[in-house]
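J.: Submitted below is the structure of interest, expressed as structure tokens.
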Amino acid sequence: MRPTRTRWALPIAIAISAPALSAQNGKLPPLIDRELFFGNPEISGAQISPDGKFISFLKPYKDTRNVWVKPVTAPWSAAKLITNDTKRPVTQYFWSRDGKYILFAQDQGGDENFNVYAVDPTAAPAAGSDVPPARNLTAAKGVRAMIYDVPRNDPNTMYVGINDRDKSWHDLYKVNIATGDKTLMRQNTEHIAGWLFDNAGALRLAVRTTDKGDTEILRVDPTGFTQVYSCSVFETCNPLRFDKTNSKLYLETNKGEPDLTRLVLFDPATKSEQLVESDPLNRVDFGAANFSDVTNELVGTAYVDDRTRAYWKDPSWEKDYNLLKSKLPGKEIGISSMTGDERTWMIVASSDREPGERWLFDRDSKKLTLLYKVFDKLPRESLAQQKPISYQSTDGLTVPAYLTLPVGVSPKKLPVVVYVHGGPWGRDTWGYSPIPQFLANRGYAVLQPNFRASTGYGKKFLNAGNNEWGQKMQDDISNGVRYLIAQGIADPKRVGIMGGSYGGYATLAGLAFTPDLYAAGVSIVGPSNLLTLLNSIPPYWESIRTVFNERMGNPNTAEGKAQLVRQSPLNSANKIKAPLLVIQGANDPRVNRAESEQIVVALRDRGFPVEYLLAPDEGHGFARPINNLVLFTSAEKFLAKHLGGRYQEGMTPAITQRMAVLTVDPKTVVLAKKMEVTPSAPKPTAALVPGTATYKGSLEAGGQSMAMDLTRTVKDSSGVWVVTETAVMPMGTMSDEATLDKGTLQLRKRVIHQGPAVVQLSFADNKATGTMSMNGQDRPIAADLGGSLFADGAGASDVIATLPITDGYTTTFRNFDIMAQKVNARQLKVVGSEKVTVPAGAFDAWKVEITPADGGTGESTTLWVDKASRRAVKSVTVLPQMNGAVATAELVK
């Protein structure tokens, strides 16, 4: 979990597991127990401490993977338990630079709200516990912490992004690992998506995605930023690391003419760049750069082709690598960790039939010591080869892929499972994968296509997938099936498709758009409706929302919306002919459960065979082995039934018990009811009252409270109302001005000033147009509203007070989310009367609740309206987009 800068691609890819089949003939190897593929490994994830004295590793504790530590020379049985989470496995951990602490990240039930913890492995267990105390360094509920850097010159420091102030953007903190003290370095009001430190631990650069989806690399100045490099939304520019002089930057880029990304050395002062390397074979994008932390020199590069190719810059590293290759023939060699002096390497040796061997290599003595093999009971001799292949798309593109054929049978007329990777902006690579191996052992041929939009093959291939979900991207997958049929490998009547995330979408699209091609499908956390998918993405993806719109389709334009509707399998569910198994995590923040349940209900209501698994303690992909075992036990039997493969009879008591928890009867699935919102707005029965009102406000979040002074002024101006609201807060002043139609009180114009941002909008003919300006950059806003806006922006509570409010009154109306550029339908209900006391006095008031009309978990407001004056005297608003913050305003005068 050493921090690296993330590529700006849809992070929907998941790491989960797959299905099975029935015997073709007696030549297949024996069935391998599914637990050897998807159960807990005895030992995994080992790392060596910086001083070379200890080995840390993952091992089950009460059936859940946790961190253990032992001296290098001690037996595994002498290891000390360091963490004891029994609900969710620890998967991400690393040593602090000085080796004093184990640092690990953990979320709750797959919600991806990661916090970072530190534990001293030498400390005694806490009172009443089996493990030393673990301190939460980023403690805040509902927060997703991001590690940006752990500087080598200051081993007690960690630089972390925390989105406790604003769910969409991470503020930058310096964290003292020993004490847990946090120091705010930069409040992220400039929409920064990433930060880069130099080799001396100094903050030097920031990365921002513009409103057009372009990437900007910015120099961090004392009072602001200066752009030094940029590339378009359809190009890549990814800063990696400063060189040993700390003056130039290693940068991965394909800006301009080059198709493949290359490694350059960029000078931020002169803005000049020097080519370091591109693929010597001119086949694939630049893959990875390896640096020495001792010398800060580039020591090697790698390219992910059909297999990984390594190129070395440092002769001593190359010599040791070649020695390891000679001692471990046929395997790919990776360095998982090393000592601080880089003289002892922890080696991972793997292949398509080797899940991973961990070796300790002494570079001085050249001694190579085997530590363990992951899943050591897995019979390697029964595993299948994974072979790179390619075939042609309908429009002439070459589609690279991997084919895994079952061992011991002739590759003729086999049942086939197409296993589609997630992303979609990712790719499959050569190496061990439990899913294809599991399927091959059950008798399936497994195809893993790297369709257009897959990464690694150049920007032309990547960009050929733009706006092609369910269309040409799906054709690339379908042509792979046709290729296998033409080769005589596939039985055309026994082809299935499965995958997770985008692969789940491709499964649904395959069944809906090519219903005669597949005999069964398994969709794992797959989106069925692209419009609802884009409307529910996590707030912390705000920096790449525009990238989604450019690469998937823009739901804010009539053309883009029509495209996304057409590409959504849910809207073609009546064409599906093949049985479907749907699998979902209840806490998935990326593809929420409604995406799966919509398609389940659509098929159920047709009386069509559909099965459904829902894990209450998982998110985007399953982390708990017991849940994965249920997933693949179900998928194995499902595919065997519909494709004719073999499967493992029987289940352990643990799987049987858990199966009962995860299995959902489709008849019981109930979708959240959505209120119909008519294009017209509610009709007020009173007018606004000119004048000024003041409110005392507060914003409470994370156990802290911030006071606000609020002023609202209503003016009669040439046939319209102009309402201005000003909020004075410790961090600055915000103003919102709304122009309302005199009779209907419908919103016509809106101007917002907040820090460096200025938003100017006009509303006419059910459309919103305008700009969002920040630091001299203008982002156009253009959206179809589907109707009039009402009670939106400044004066919203006063507008609501003009409605014919009485017991039982209810109505719906539209608001406009400016950041997301989408319409939010709102439902208003009068839920009763209450006596309410505020600084302005005591009032007999109607209690009004305003909630999302779609039944979702968006912003909700409770408003108290004085019965006598029809004036709003108090409001309480819950803001999920701000980590559940609560904003309160009470009338003063």
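The values are calculated or read from the model by the stated rules, or taken from the named source; none is laboratory data. Note that the coordinates shown come from a computational prediction; the quantities given were computed from them, not determined experimentally. Backbone-built Cβ (ideal geometry, glycine too); neighbour counts: all protein chains shown. The protein model used for the area step is the full one, side chains on, heavy atoms only, and it has no ligands, DNA or RNA in it. Shrake-Rupley method; radii C 1.70, N 1.55, O 1.52, S 1.80 Å.
J.: Given the convex hull of the Cα atoms of segment 515-667, what is a quarter of its surface area in nm²? Walk me through the numbers before you get to the answer.
T.: Working: hull surface 40.9 nm².
The orientation-averaged projected area of the Cα hull of segment 515-667 comes to 10.2 nm².
J.: Output the peptides 235-242, 130-137, 515-522 sorted from most to least packed, where packing is the average of other Cβ atoms within 10 Å over each peptide's residues.
T.: Details: 235-242: 20.4, 130-137: 18.2, 515-522: 21.9.
Descending mean neighbour count gives 515-522, 235-242, 130-137.
J.: Treat each spin label as a single point 7 Å out from the Cα along the C-beta direction, and report the A288 to D33 distance in nm.
T.: 3.2 nm
J.: Next question, about the same structure. Suppose R0 equals 35 Å; then what is the FRET efficiency for Y372 and T245 from their Cβ-Cβ distance, rounded to the nearest 0.05? Walk me through the numbers on the way to the answer.
T.: Numbers: r = 41 Å, r/R0 = 1.17.
For R0 = 35 Å, the calculated efficiency reads 0.30.
J.: If amide hydrogens are placed 1.01 Å from N in the peptide plane, which non-local residues have theirs closer than 5 Å to the one on Q227?
T.: The list, which skips near neighbours in sequence, is R219.
J.: Given a Förster radius of 45 Å and the C-beta distance between A123 and K822 as r, what FRET efficiency does 1/(1 + (r/R0)^6) yield to the nearest 0.05? Spell out each step's value before the answer.
T.: Numbers: r = 49 Å, r/R0 = 1.10.
Calculated value: 0.35.
J.: Answer with one residue from G422, A640, A464: the one whose Cα lies farthest towards the positive end of the charge dipole of the chain, charges on Cβ with Lys, Arg +1 and Asp, Glu -1.
T.: Going by the charge dipole, the pick is A640.
J.: Separate question: With a 1.4 Å probe and every protein chain left in place, work out the accessible area per residue of segment 126-253 in Å², rounded to a whole number.
T.: Working: 4770 Å² over 128 residues.
Accessible area per residue, segment 126-253: 37 Å².
J.: Which whole number in µm²/s is D for the chain by Stokes-Einstein, with the Kirkwood Rh taken over Cα pairs at 20 °C and 1.002 mPa s? List each step's numbers first, then the result.
T.: Details: Rh = 29.7 Å.
Taking Rh from Cα pairs, D becomes 72 µm²/s.
J.: Here's another thing I want to ask about it. Using a 7 Å offset from Cα along Cα-Cβ at D98, what residues in segment 159-197 end up with backbone N under 13 Å from the label point?
T.: 176-180
J.: Given H placed on each backbone N at 1.01 Å, which residues far from I82 in sequence or on other chains put an amide H within less than 5 Å of it?
T.: Placed amide hydrogens put V67, W68, V69 under 5 Å from I82.
J.: Taking 0.36 nm per residue of sequence separation and subtracting the Cα-Cα distance, how much length would be gained by fully extending the chain between A558 and E381, in nm to one decimal?
T.: Working: separation 177, 0.36 × 177 = 63.72 nm, distance 5.59 nm.
Extra length available between A558 and E381 comes to 58.1 nm.
J.: Looking at this model, which pairs from K141/K561; K412/K577; K696/K867; K53/K327; K100/K174; K167/K212 are more than 30 angstrom apart at the alpha-carbon? Walk me through the intermediate numbers first.
T.: Details: K141/K561 35 Å; K412/K577 25 Å; K696/K867 21 Å; K53/K327 25 Å; K100/K174 18 Å; K167/K212 21 Å.
Result: K141/K561 exceed 30 Å.
J.: Limiting things to C-alpha atoms, what are the Rg and the maximum Cα-Cα separation (Dmax) for segment 408-460, in angstroms?
T.: Considering segment 408-460 through its Cα atoms, Rg and Dmax are 13.1, 40 Å.
J.: What fraction of the DSSP beta bridges in the chain is antiparallel, stated in percent and rounded to the nearest 5? Please list the in-between numbers first.
T.: Details: 213 of 238 bridges.
Here the antiparallel bridges make up roughly 90 percent for the chain.
J.: Considering Cα pairs under 8 angstrom that are at least six residues apart, work out the relative contact order of segment 390-507 and quote it in whole percent.
T.: 36 percent
J.: I need the peptides 421-433, 96-108 ranked by packing, meaning the mean over residues of other C-beta atoms within 10 angstrom, with the highest value on top. Mind showing how you got there, number by number?
T.: Values: 421-433: 22.0, 96-108: 20.0.
With the highest mean Cβ count within 10 Å placed first, the list reads 421-433, 96-108.
J.: If you don't mind, another one. Along the charge dipole of segment 751-893, which of A872, P852, L789 sits closest to the positive end, that is, farthest toward it, with unit charges on the beta carbon of Lys, Arg, Asp and Glu (+1, +1, -1, -1)?
T.: Of the listed residues, the answer is A872.
J.: Relative to the Cα centre, what is the charge dipole magnitude of the chain, using +1 at the beta carbon of each Lys and Arg, -1 at the beta carbon of each Asp and Glu, and rounding to the nearest 20 debye?
T.: Numbers: 102 positive and 93 negative charges, 291 e Å.
The calculation lands at about 1400 debye.
J.: Also, I was wondering about something else. Provide Rg and Dmax in Å for segment 107-237, with only Cα atoms included in the calculation.
T.: 17.1, 56
J.: With every protein chain left in place, what is the accessible area per residue of segment 606-661 in square angstrom, probe 1.4 Å? Don't skip to the end; give the middle numbers.
T.: Numbers: 2190 Å² over 56 residues.
Counting only protein heavy atoms, the per-residue value for segment 606-661 is 39 Å².
J.: Now a separate question. About the Cα centre, and with charges only on the beta carbon of Lys, Arg (+1) and Asp, Glu (-1), how big is the dipole of segment 402-491? Nearest 20 debye, please. Show your work: numbers first, answer last.
T.: On the way: 9 positive and 5 negative charges, 24 e Å.
Dipole magnitude for segment 402-491 comes out near 120 debye.
J.: When the scattering of segment 718-775 is computed by the Debye formula from its Cα atoms alone, each counted once and equally, what is log10 I(q)/I(0) at q = 0.13, 0.20, 0.25 Å⁻¹?
T.: Values, matching the q order: -0.38, -0.79, -1.01.
J.: Would you work out the relative contact order for the chain, in percent, from Cα pairs under 8 angstrom that are 6 or more residues apart?
T.: Values: 2228 pairs, mean separation 89.4, N = 893.
Reported relative contact order: 10 percent.
J.: Now, a different point. Sorted by mean Cβ packing within 10 Å, highest first, what order do the peptides 40-46, 760-766 take? Could the numbers behind the result be given before it?
T.: Details: 40-46: 19.6, 760-766: 15.7.
Per-residue mean Cβ counts within 10 Å order the peptides as 40-46, 760-766.
J.: How large is the charge dipole for segment 32-156, taken about the Cα centre, if only the Cβ atoms of Lys, Arg (+1) and Asp, Glu (-1) carry charge, to the nearest 20 debye?
T.: Working: 15 positive and 14 negative charges, 34 e Å.
Here the size comes out at about 160 debye.
J.: Provide the FRET efficiency to the nearest 0.05 for the R482-T308 pair, computing r from the beta carbons and using R0 = 41 Å.
T.: Numbers: r = 30 Å, r/R0 = 0.72.
It comes to 0.90.
J.: Could you list which residues have their amide H under 5 Å from that of F291, counting only those 5 or more apart in sequence or on another chain, with H placed in the peptide plane?
T.: V299
J.: Would you work out what percent of the accessible area of the chain, with all protein chains in place, is carbon or sulfur (probe 1.4 Å)? Walk me through the intermediate numbers first.
T.: Values: 18050 of 35470 Å².
Carbon and sulfur together cover 51 percent of it.
J.: Suppose the chain between T678 and D267 were pulled fully straight at 0.36 nm per residue; how much longer would it get relative to their current alpha carbon spacing? If you can, show how the numbers build up before the last one.
T.: Values: separation 411, 0.36 × 411 = 147.96 nm, distance 5.66 nm.
Difference between extended and current length: 142.3 nm.
J.: On to the next question. Using θ = phi - 60° and the Karplus relation 6.51 cos²θ - 1.76 cosθ + 1.60, list the HN-Hα couplings for segment 680-696 in order, rounded to whole Hz, with x at every Gly or Pro.
T.: Coupling constants for segment 680-696: 7, 8, x, 9, x, 10, 9, 9, 5, 10, x, x, 10, 10, 10, 10, 9 Hz.
J.: Here is a follow-up. If you take the Cα atoms of segment 625-681, find Rg, then find the Kirkwood Rh from the mean of 1/r over all pairs, what is Rg/Rh? Let's see the in-between values first.
T.: Values: Rg = 18.5 Å, Rh = 14.3 Å.
Over the Cα atoms of segment 625-681, Rg/Rh equals 1.30.
J.: A further question on this structure: Of K387/K641; K377/K637; K87/K325; K366/K387; K373/K460; K70/K331, which pairs sit farther than 29 Å apart, going by alpha carbon to alpha carbon?
T.: Flagged as over cut-off: K87/K325; K366/K387; K373/K460.
J.: I've got another one for you. List the relative contact order of segment 426-491 as a percent without decimals, with contacts defined as Cα pairs under 8 Å and 6+ residues apart.
T.: On the way: 50 pairs, mean separation 17.8, N = 66.
Dividing the mean separation by the residue count of segment 426-491 yields 27 percent.
J.: Heavy-atom accessible area per residue, segment 788-880, 1.4 Å probe: how many Å²?
T.: Numbers: 3460 Å² over 93 residues.
Per residue, segment 788-880 has an accessible area of 37 Å².
J.: What does the helix-only formula give at 222 nm for the chain: each DSSP H stretch with n ≥ 4 adding -39500 (n - 2.57), the total divided by the residues, and the result rounded to the nearest 500 deg cm²/dmol? Intermediate results must be reported in sequence, preceding the final value.
T.: Numbers: 13 runs with 129 residues, N = 893.
Computed ellipticity for the chain at 222 nm equals -4000 deg cm²/dmol.
J.: If you rank M338, M498 by how much accessible surface each has, with a 1.4 Å probe, what is the order from largest down? Each step should come with its number before you reach the end.
T.: Values: M338 55, M498 0 Å².
Reading off the accessible areas and sorting them downward yields M338, M498.
J.: Kindly give Rg over Rh for segment 322-458, based on alpha-carbon atoms, with the Kirkwood expression for the hydrodynamic radius. Write down the numbers at each step before the final one.
T.: Values: Rg = 17.9 Å, Rh = 17.0 Å.
The Rg/Rh ratio comes out at 1.05.
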